[in-house]
Amino acid sequence: MMVGRHVTGMEADVNTDKRISTRADAVLPWIRFSKGIRRHAGTATHGQKGFTLVELGTVLIIATMLIGTTTVVYYQTTRKTDLKTAAELVKEDLRKVYALTDSGGGVTDGTGMKHRDQYRIQFHTNDGAHAPVNSYRILKRTWDIATGSYSAWEPVEPERSSAVKVLSDSWVRPTMSSDTQITALTNMSGADGEKGITFEAKGSIIQTDPPLGDKTITLGTAGSGDTITITVSMYGSVE
């Protein structure tokens, strides 16, 4: 026979206090942790300071310098790219003149002699003395049997697909940028404003006029030392 133990009111109170204490011990760390977070957040929020004028000014100066440097680099790169593109277009048309001369037709006179068509590329620099500046055009002339001589030079219509900007009288500007300019012409025939290179087929070879020495076209970028020189040999090869 089991005899139950009688729990007094005092013992019941003690047990209840123990259970409450145990639960409190489990809950209080979370409460303390939560309070710590709120207290830390409150301290950070209330203690945070705004940027001073000196700090804002420094940031603006640095940002301006970075933007300025990036802009300068981009502009320089763009100008160099444009200069190279313009030079390649001039080379392309020089080779075109050579091909036209090599494959062009001709006229046979009464003596049985064949006179091949002649082609010429004419340049204007950026000096402003002759319009349009920074441009060139391709010319052609054929043999006139009646007069026994070559006719006057006539412009060859440029191909729109390759020309960047076609001007009046078939003049071509190899670039849309005013920074890229034709700055110098060396060892070419013709007076100022009419300087150029004549290509003439003689048998199986092509010769240029003037016959001796290389002809050069120099392109440059305004405001910088960037230049590209194109060389045409006495036999019409382009470098």
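Tabulated values for the structure
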| quantity | calculated |
| --- | --- |
| Failed condition for Trp143, given (1) hydrophobic (A, V, I, L, M, F, W, C); (2) surrounded by fewer than 14 Cβ atoms within 10 Å (Cβ to Cβ); (3) without any contact (Cβ under 8 Å) to a residue 40 or more places away in the chain | (2) |
| Residue ranges of strands (runs of 3 or more DSSP E) in region 64-147 with at least 1 members closer than 24 Å to Ile230 by Cβ, touching a Ser or Thr at 6+ places or on another chain (Cβ under 9 Å) and not charged (D, E, K, R) | 118-124, 135-141 |
| Tally, over region 102-133, of residues that are free of Cβ contacts under 8 Å to residues at least 24 places away in the same chain and either surrounded by 13 or more Cβ atoms within 10 Å (Cβ to Cβ) or not small (Gly, Ala, Ser) (or both) | 5 |
| Within region 219-228, considering residues that are touching a helix residue (DSSP H, G or I) at 6+ places or on another chain (Cβ under 9 Å) and not hydrophobic (A, V, I, L, M, F, W, C), the one modelled with the lowest pLDDT | Gly223 |
| Residue check for Gly203: closer than 24 Å to Gly104 by Cβ and in contact with a strand residue (DSSP E or B) (Cβ under 9 Å, 6 or more places away or on another chain) | no |
| Complete set of residues in region 215-229 that are surrounded by fewer than 18 Cβ atoms within 10 Å (Cβ to Cβ) and either touching a Gly at 6+ places or on another chain (Cβ under 8 Å) or of a type in the set (A, V, I, L, M) (or both) | Ala222, Asp226, Thr227 |
| Selection count where residues are touching a residue at least 24 places away in the same chain (Cβ under 8 Å) and either surrounded by 18 or more Cβ atoms within 10 Å (Cβ to Cβ) or touching a Phe, Trp or Tyr at 6+ places or on another chain (Cβ under 9 Å) (or both), scope region 204-214 | 4 |
| Considering residues of region 81-97 that are within 15 Å of the chain's Cα centre (by Cα) and among the β-branched types (Val, Ile, Thr) only, the residue farthest from Lys165 (Cα to Cα) | Thr81 |
| Residue within region 190-203 that is more than 18 Å from Ala99 (Cα to Cα), in contact (Cβ under 8 Å) with a residue 12 or more places away in the chain and of a type in the set (S, T, N, Q) present | no |
| Filtered residues of region 98-125 (kept if more than 17 Å from Ser151 (Cα to Cα), among the hydroxyl-bearing types (Ser, Thr, Tyr) and at pLDDT 95 or above) | Tyr98, Thr125 |
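To keep it simple, each residue is scored yes or no on (1) without any contact (Cβ under 8 Å) to a residue 24 or more places away in the chain; (2) hydrophobic (A, V, I, L, M, F, W, C); (3) surrounded by fewer than 16 Cβ atoms within 10 Å (Cβ to Cβ).
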{"residue": "Leu100", "(1), (2), (3)": "no, yes, no"}
{"residue": "Ser135", "(1), (2), (3)": "no, no, no"}
{"residue": "Thr147", "(1), (2), (3)": "yes, no, yes"}
{"residue": "Thr175", "(1), (2), (3)": "no, no, no"}
{"residue": "Thr180", "(1), (2), (3)": "no, no, no"}
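The values are calculated or read from the model by the stated rules, or taken from the named source; none is laboratory data. It should be emphasised that the depicted structure is a prediction, and the values quoted were computed from it without experimental measurement. Note that each Cβ is placed from the backbone with ideal geometry, even for glycine, and that neighbours are counted across all protein chains shown.
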